[in-house]
Amino acid sequence: QKIEIEVPLHCGKCKKKIMSICTTAYGVCSVSFEREGKEKVVIKGEGVDAAGVTACLREKVNKYAKLITVAKDT
């Protein structure tokens, strides 16, 4: 499962919080950051609650976090 979440990054502290939240979620195997026009967090794993992770990011880091895609990783 591959999940992409758009999250505006303001500083290193935000990036650290995002990494902490994403890595502690159930089923996460890897977390990476991409910059294709806008900042994205890419989460890979099995059985990850995409909506739950996005809601947690909105609550604790940035209220503008937006779930972009959830796809089966091949």
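The values are calculated or read from the model by the stated rules, or taken from the named source; none is laboratory data. This one's a predicted model, so the numbers in the text were calculated from it and none came from an experiment. As a convention, Cβ positions derive from the backbone with ideal geometry for all residues, glycine included, and neighbour counts pool all protein chains shown. Accessible surface areas use protein heavy atoms only, side chains included; no ligands, DNA or RNA. Shrake-Rupley method; radii C 1.70, N 1.55, O 1.52, S 1.80 Å.
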Can you pull out every residue in the stretch 1-20 that is open to solvent by 30 Å² or more (accessible area, probe 1.4 Å), among the hydrophobic types (A, V, I, L, M, F, W, C) and under 14 Å from Val53 (Cα atoms)? Met19
Give the number of residues within the stretch 49-69 that are open to solvent by 60 Å² or more (accessible area, probe 1.4 Å) and not hydroxyl-bearing (Ser, Thr, Tyr). 9
Wholly within the stretch 1-48, strands (runs of 3 or more DSSP E) carrying at least 2 residues that are under 8 Å from the mean Cα position of the chain (by Cα): 2-6, 38-45
Every residue from the stretch 26-74 that is in contact (Cβ under 8 Å) with a residue 24 or more places away in the chain and over 14 Å from Lys2 (Cα atoms): Lys38, Glu39, Gly52, Cys56, Leu57, Lys60, Val61, Asn62, Tyr64, Ala65, Lys66
Residues of the stretch 21-46 being open to solvent by 50 Å² or more (accessible area, probe 1.4 Å) and not hydroxyl-bearing (Ser, Thr, Tyr), in sequence order, are Cys29, Phe33, Glu34, Arg35, Glu36, Gly37, Lys38, Lys44, Glu46
